[in-house]
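Enquirer: Dropping the structure in here first, questions after.
The values are calculated or read from the model by the stated rules, or taken from the named source; none is laboratory data. Computed from a predicted structure; not experimentally measured. Ideal geometry is used to build each Cβ from the backbone, glycine not excepted, and the neighbour counts take in all protein chains shown. To get the accessible areas, we keep the full protein, side chains included, count just its heavy atoms, and leave off ligands, DNA and RNA. Shrake-Rupley method; radii C 1.70, N 1.55, O 1.52, S 1.80 Å.
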Amino acid sequence: MKDALEPTQDIGWLLEAEGVHPQWEGDLEARFSVSNGFLGVRGAREVSRGATLVTLAQTLRPASWPRTYIAGLFDVPDIDPPVPALMPVPDWLRVRIRLNGISLVLNNERLISYHRTLDMRRGVLITDWRQFVSGDHVARVRTLHLVSLAQRAIGLQLVQFELGQAGMDVSLDASFDLVGSGLEVFKLFADAGLWRTGQSAKSLAMASVANLQLAEREIPPDQSTPLQWSWGWQSRAGDCAQLTRIVAFRRGNQDLHGLIDSARSELEHARTIGWQDTLSAHEAAWSGRWHDSDLQIDSDDSAQTALRFAIYHLNSAANPDDEQVSIGARALTGDTYHGHVFWDTEIYLLPFYTLTWPEAARAMLMYRHRTLDGARAKAKRAGFRGAMYAWESADTGHETTPEHITIPDGRTVEVLSGKQEQHISADIAYAVWQYWLATGDDDFLREAGAEILLETASFWVSRANLGDDRLYHIQGVIGPDEYHEYVNDNAFTNHMARWNIRRALETVSLLRQRWPEHWRALADRLHLDERTLQQWRNVADALAMGYDPHTNLIEQFSGFHALEPIDPAQFAGRREPMDMVLGRERTRRSQVIKQADIVAMLALLPDEFDMTTQTTNYHHYAPLCAHESSLSNSMHTLLAARIGATDLAMRHFQDTVATEFGSQAGASAGGVRIAALGGLWQAVLLGFAGLSIRSSIPRFDPRLPAGWRSLGFRLQWRGRLLKLQIDAAKPSFSVTLEAGESLTVSVRGETHELNPGRALTI
Ligand code: IFM
């Protein structure tokens, strides 16, 4: 049988790290996370966590941040200001090994090697640690853990221990960290436990089984403490001990006993099939995901590695079976942003899911449908109609953006994005429409998507004010460029709002035509009559757009061109963000842009602007951008690729890669920047492969960057599975319909009929 702890042979599937470097631990733990959209586990060392503290400026700080998260397990902890946060659950991976009563801890002086491998193909984290224990006798500890993609409630841990020295007293403890989790212990049993959140009436059940085999024989544990097992034996040179632990997790509300039964029955299933079959089912599920979503780049290894890493985390982050949750800004890989869901999900992540995993995209959009009431309440409180989505959303859809934060120098700074960053409502509507175009999921549109489109449109119409110039204006907002607050007519916001209103009007026509009864019921419920719809048309037709026909420039917001021009390139090499270099006030009064704003708008709405406008504005705004957010460079890549500036696109692409793999220690410690990873994938598909989602047929206008010999990938479109290959040398574009009925595709403006099993090569 294949050795489960042996990583995949092809290094193209591996992320590897050697040794222990306290300043990098946090970043590595985030990147080496395993997750299945329900559970997320950071890649912290699990065996004998020795020196997890480092000294920094004379204080002790944790070097390691072992965390397991459960999607949707929010509570309002005792933080200032009190906002809901994803609560870490009890650490289930702890193992301690003692030799003659002394803990075996990682000791750099005796260390031979400590190797960590994230096997992305199999979705497992493997470690291999060798250390001298006495004289030249060596101890070897190998571990593997995973959270199952085939049975999302299940976590599996394997630990193998070998000792070169005979006659030592060995003890191995497998335990849970029962108290350090931020949850309250409610009840503990030998095989299970129940925890509750302090405020939010949520609960967690975990059930576990552990066993140890020594030289192929199972030895009985001493289990005098709940969820803790200890084994002891005398070592014989060359004997291998293997610990196997399976844990089942369930999240729930009030019914605590039902919850524990449910955890036990999940555990029972995994225990019955055994750890090998649990592992095989998980690997088979990963293999299915890779089949549908892998992307092959010929002749650019670093781009290939970055894309694999991005796709690994994107596949890890989603759960198509849970409409109660969506993906937070750091997925389930770190504490930063408390698990809150931003526009990142709809604008940067959804395209990946819509096009490779529509079931996951649907579940995330259903989360937005479920949280509509929170969005309605926010709109009402602010004096508007319809639905104004939370800038940061947790489980209920109510606004969870902290109203202030404390910055590193101890000062308190007001945060306005929860009040003013309103474009998120249009961003969600945008994702709904894109999903519907690409999947043709009419049931979703009729039952949920339409309501989101109509309620967000209604919000925008009530939000816009008629000015003396007979134009409608949206005042006092923050666009994606968060350096500028209280701005009027942010072009991104206004264009997305207009687009939102117009798609809502299209939805009305569609409902009337295809599902009239449904339309009548919805119109009744949302108080939509002919007069209201006419008002929607009026606002959409007369919204201020900031376009100057003489220069072809679109002003980022009213008054932007008059601000102080500052070139961020003059500050190259800075370690601090531009608003700290210049000070907040001067930054506000300058044209320095924090992240793609006009550029993002052009990238998202290609049909609204001709090529000259896209090109002129890209070249005008790109140099003003400080790229101070991980969301910035990927949008620049996409737009630069579309306008044919592939060299610039490639530079932005590499800068996006550097966001996650850059040289600044600690940058990812709070979790991987999942939007940058989604943005990377999106830039390749919608930029270099030139795919656009504008109607019921997929359109391609590919432009590979210099140095890429070919690009291959699969995607789903309206129930079909397509396989694509773009070759630069020939050049050729080839698409095969691998599953589903005939389909029309458009390549460089010409339509072609695609028939099952036959490749179309152009
Ligand atoms: O949503 C983003 C925002 O655009 C920039 N700051 C970080 C947020 C979360 O990723």
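Enquirer: Output the residue which, of all residues in region 644-654 that are surrounded by fewer than 24 Cβ atoms within 10 Å (Cβ to Cβ) and not aliphatic (A, V, I, L, M), is farthest from Leu677 (Cα to Cα).
Expert: Gly644
Enquirer: Within region 736-750, can you find the residues that are in a strand (DSSP E or B) and loosely packed, with under 11 Cβ neighbours inside 10 Å?
Expert: Listed by number, the list holds a single entry, Glu750.
Enquirer: Of the residues in region 156-184, how many are farther than 30 Å from Gly238 by Cβ and open to solvent by less than 30 Å² (accessible area, probe 1.4 Å)? Let's see the steps before the verdict.
Expert: Filtering region 156-184 for residues farther than 30 Å from Gly238 by Cβ gives 176-184.
Those still in the list that are open to solvent by less than 30 Å² (accessible area, probe 1.4 Å) too: 176, 181, 183.
Residues flagged as farther than 30 Å from Gly238 by Cβ and open to solvent by less than 30 Å² (accessible area, probe 1.4 Å) within region 156-184 amount to 3.
Enquirer: Also, I was wondering about something else. Only residues that are crowded, with 17+ Cβ neighbours inside 10 Å, of a type in the set (Gly, Ala, Ser) and either touching a helix residue (DSSP H, G or I) at 6+ places or on another chain (Cβ under 6 Å) or in a loop (DSSP other than H, G, I, E, B) (or both): list them for region 1-52, please.
Expert: The answer is Ala4, Ala17, Ser33, Ser35, Gly37, Gly43, Ala44, Ser48.
Enquirer: Let me ask something additional. Please give the number of the condition Ile112 fails out of (1) surrounded by 20 or more Cβ atoms within 10 Å (Cβ to Cβ); (2) in a strand (DSSP E or B); (3) touching a Lys or Arg at 6+ places or on another chain (Cβ under 9 Å).
Expert: If we test Ile112 against (1) surrounded by 20 or more Cβ atoms within 10 Å (Cβ to Cβ); (2) in a strand (DSSP E or B); (3) touching a Lys or Arg at 6+ places or on another chain (Cβ under 9 Å), just (1) comes out false.
Enquirer: Provide a single number: the residues in region 423-439 that are within 16 Å of the ligand (Cβ to nearest atom) and open to solvent by 10 Å² or more (accessible area, probe 1.4 Å). Walk me through it before giving the result.
Expert: First, pick out the residues of region 423-439 that are within 16 Å of the ligand (Cβ to nearest atom): 423-428, 430-431.
Now drop any that are not open to solvent by 10 Å² or more (accessible area, probe 1.4 Å), which leaves 430.
Looking only at that region, the number is 1.
Enquirer: Another question about this same structure. Which condition number does Ser134 fail, the rest of (1) at pLDDT below 95; (2) within 18 Å of Ala248 (Cα to Cα); (3) small (Gly, Ala, Ser) being met?
Expert: With respect to (1) at pLDDT below 95; (2) within 18 Å of Ala248 (Cα to Cα); (3) small (Gly, Ala, Ser), Ser134 is out only on (2).
Enquirer: Quickly run through region 89-109 and pick out the residues that are part of a loop (DSSP other than H, G, I, E, B) and touching a strand residue (DSSP E or B) at 6+ places or on another chain (Cβ under 6 Å).
Expert: Hits for region 89-109 are Pro90, Asn100, Leu104.
Enquirer: Turning to a different aspect of this structure: Looking at region 608-643, which of the residues that are acidic (Asp, Glu) and within 24 Å of Asn500 (Cβ to Cβ) is least open to solvent (accessible area, probe 1.4 Å)?
Expert: Glu608
Enquirer: Same structure again: Among the residues of region 267-297, what is the count of those that are open to solvent by 40 Å² or more (accessible area, probe 1.4 Å) and within 15 Å of Trp13 (Cα to Cα)?
Expert: The qualifying residues number 3.
Enquirer: Condition (residue is farther than 19 Å from Ile347 by Cβ, modelled with pLDDT of 95 or more, more than 16 Å from the ligand (Cβ to nearest atom) and assigned to a helix (DSSP H, G or I)) applied to region 464-479: is it met by at least one residue?
Expert: Within region 464-479, the first condition is being farther than 19 Å from Ile347 by Cβ, and the residues that meet it are 464-473, 475-476.
If we keep only those that are modelled with pLDDT of 95 or more as well, we get 464-473, 475-476.
Adding the requirement that they be more than 16 Å from the ligand (Cβ to nearest atom) leaves 464-473, 475-476.
Cutting the leftovers down to assigned to a helix (DSSP H, G or I) gives us none.
Looking through region 464-479, none of the residues is farther than 19 Å from Ile347 by Cβ, modelled with pLDDT of 95 or more, more than 16 Å from the ligand (Cβ to nearest atom) and assigned to a helix (DSSP H, G or I).
Enquirer: Being part of a helix (DSSP H, G or I), within 16 Å of the ligand (Cβ to nearest atom) and at pLDDT 95 or above is the requirement here; does Gly678 meet it?
Expert: Here the answer is yes, as Gly678 does meet what is asked.
Enquirer: Then there is this: Restricting the search to region 365-422, which residues are of a type in the set (S, T, N, Q) and assigned to a loop (DSSP other than H, G, I, E, B)?
Expert: Thr371, Thr396, Thr400, Thr401, Gln422
Enquirer: Could you tell me whether any residue of region 153-168 is of a type in the set (A, V, I, L, M), in a loop (DSSP other than H, G, I, E, B) and touching a helix residue (DSSP H, G or I) at 6+ places or on another chain (Cβ under 6 Å)?
Expert: Kept after step one, since they are of a type in the set (A, V, I, L, M), are these residues of region 153-168: 153-154, 156, 158-159, 163, 166, 168.
If we keep only those that are in a loop (DSSP other than H, G, I, E, B) too, we end up with 153, 166, 168.
Next, only the ones that are touching a helix residue (DSSP H, G or I) at 6+ places or on another chain (Cβ under 6 Å) stay: 153.
Yes, some residue in region 153-168 is of a type in the set (A, V, I, L, M), in a loop (DSSP other than H, G, I, E, B) and touching a helix residue (DSSP H, G or I) at 6+ places or on another chain (Cβ under 6 Å).
Enquirer: Pick from region 480-498 the residues that are open to solvent by 30 Å² or more (accessible area, probe 1.4 Å) and within 14 Å of the ligand (Cβ to nearest atom): which of them is nearest to Arg381 (Cα to Cα)?
Expert: So the residue we want is Glu485.
Enquirer: Within the set of pairs 6 or more residues apart or between chains, which connect a residue that is of a type in the set (Ser, Thr, Tyr) inside region 340-363 to a residue that is away from the ligand (no atom under 16 Å from the Cβ) and open to solvent by 10 Å² or more (accessible area, probe 1.4 Å) with Cβ atoms less than 6 Å apart?
Expert: Pairs that qualify, where the first residue is of a type in the set (Ser, Thr, Tyr) and the partner is away from the ligand (no atom under 16 Å from the Cβ) and open to solvent by 10 Å² or more (accessible area, probe 1.4 Å), are Thr356/Asp292.
Enquirer: Still on this structure: In region 353-397, which residues are under 23 Å from Phe713 (Cβ atoms) and among the polar types (S, T, N, Q)?
Expert: Answer for region 353-397, where residues must be under 23 Å from Phe713 (Cβ atoms) and among the polar types (S, T, N, Q): Thr354, Thr356.
Enquirer: Show the residue pairs that are 6+ apart or on different chains and have beta-carbon atoms under 9 Å apart, the first residue being within region 425-450 and under 17 Å from Ala390 (Cα atoms) and of a type in the set (Phe, Trp, Tyr), the second being part of a helix (DSSP H, G or I) and open to solvent by 30 Å² or more (accessible area, probe 1.4 Å).
Expert: What qualifies is Tyr430/Arg503.
Enquirer: Search region 539-560 for residues that are closer than 17 Å to Ala596 by Cβ and at pLDDT 95 or above and pair each with any residue that is open to solvent by 30 Å² or more (accessible area, probe 1.4 Å) and aromatic (Phe, Trp, Tyr) when their beta-carbon atoms are under 6 Å apart and the residues are at least 6 apart or on different chains.
Expert: Every condition considered, the pairs that remain are Ile554/Tyr547.
Enquirer: Go over the candidates Asp344, Asp300, Asp335 one by one and state the one that is within 16 Å of the ligand (Cβ to nearest atom) and open to solvent by 20 Å² or more (accessible area, probe 1.4 Å).
Expert: Values: Asp344 fails: open to solvent by 20 Å² or more (accessible area, probe 1.4 Å); Asp300 fails: within 16 Å of the ligand (Cβ to nearest atom).
Of the residues listed, the single one that is within 16 Å of the ligand (Cβ to nearest atom) and open to solvent by 20 Å² or more (accessible area, probe 1.4 Å) is Asp335.
Enquirer: I need the full set of residues from region 315-329 which are within 15 Å of Leu73 (Cβ to Cβ) and within 16 Å of the ligand (Cβ to nearest atom), in order please.
Expert: So in region 315-329, the residues within 15 Å of Leu73 (Cβ to Cβ) come out as 319, 322, 324-328.
Matches in region 315-329: Ser326, Ile327, Gly328.
Enquirer: Taking region 29-45, which residues are modelled with pLDDT of 95 or more and in contact with a strand residue (DSSP E or B) (Cβ under 8 Å, 6 or more places away or on another chain)?
Expert: Arg31, Phe32, Ser33, Val34, Ser35, Asn36, Phe38, Leu39, Gly40, Val41, Arg42, Gly43
Enquirer: Collect the residues in region 446-477 that are within 21 Å of Ser417 (Cβ to Cβ) and among the aromatic types (Phe, Trp, Tyr), keeping them in residue-number order.
Expert: Phe459, Trp460 - these are the residues of region 446-477 that are within 21 Å of Ser417 (Cβ to Cβ) and among the aromatic types (Phe, Trp, Tyr).
Enquirer: Now for a different question. Can Arg703 be described as within 22 Å of Ser632 (Cα to Cα), touching a residue at least 60 places away in the same chain (Cβ under 8 Å), part of a loop (DSSP other than H, G, I, E, B) and not β-branched (Val, Ile, Thr)?
Expert: Criteria met by Arg703.
Enquirer: Does Ala464 fit the bill of being under 30 Å from Ala622 (Cα atoms) and open to solvent by less than 20 Å² (accessible area, probe 1.4 Å)? Talk me through it step by step, then tell me what you get.
Expert: Numbers: under 30 Å from Ala622 (Cα atoms): yes; open to solvent by less than 20 Å² (accessible area, probe 1.4 Å): yes.
So Ala464 passes the test.
Enquirer: Among (1) buried (at least 17 other Cβ atoms within 10 Å of the Cβ); (2) part of a loop (DSSP other than H, G, I, E, B), which single condition is Thr127 missing?
Expert: All conditions are met except number (2).
Enquirer: Now, a different point. Take the residues of region 303-332 that are out of contact with any Gly (no Cβ under 6 Å at 6 or more places or on another chain) and part of a loop (DSSP other than H, G, I, E, B): which is surrounded by the fewest Cβ atoms within 10 Å (Cβ to Cβ)?
Expert: Of everything passing the filter in region 303-332, Asp321 is surrounded by the fewest Cβ atoms within 10 Å (Cβ to Cβ).
Enquirer: Next up: Looking at region 578-590, which of its residues are open to solvent by 20 Å² or more (accessible area, probe 1.4 Å) and either more than 16 Å from the ligand (Cβ to nearest atom) or touching an Asp or Glu at 6+ places or on another chain (Cβ under 9 Å) (or both)?
Expert: Restricting attention to region 578-590, the residues satisfying the condition of being open to solvent by 20 Å² or more (accessible area, probe 1.4 Å) are 579-586, 588-589.
Hits for region 578-590 are Asp579, Val581, Leu582, Gly583, Glu585, Arg586, Arg588, Arg589.
Enquirer: Within region 666-686, does at least one residue satisfy the condition of being charged (D, E, K, R), open to solvent by less than 40 Å² (accessible area, probe 1.4 Å) and closer than 30 Å to Gly40 by Cα?
Expert: Yes, because at least one residue in region 666-686 is charged (D, E, K, R), open to solvent by less than 40 Å² (accessible area, probe 1.4 Å) and closer than 30 Å to Gly40 by Cα.
Enquirer: A follow-up question, please. Give the residue that is nearest to the ligand (Cβ to nearest atom), with candidates limited to residues of region 630-655 that are touching a residue at least 60 places away in the same chain (Cβ under 8 Å) and of a type in the set (Ser, Thr, Tyr).
Expert: If we take residues in region 630-655 being touching a residue at least 60 places away in the same chain (Cβ under 8 Å) and of a type in the set (Ser, Thr, Tyr), then Ser634 is nearest to the ligand (Cβ to nearest atom).
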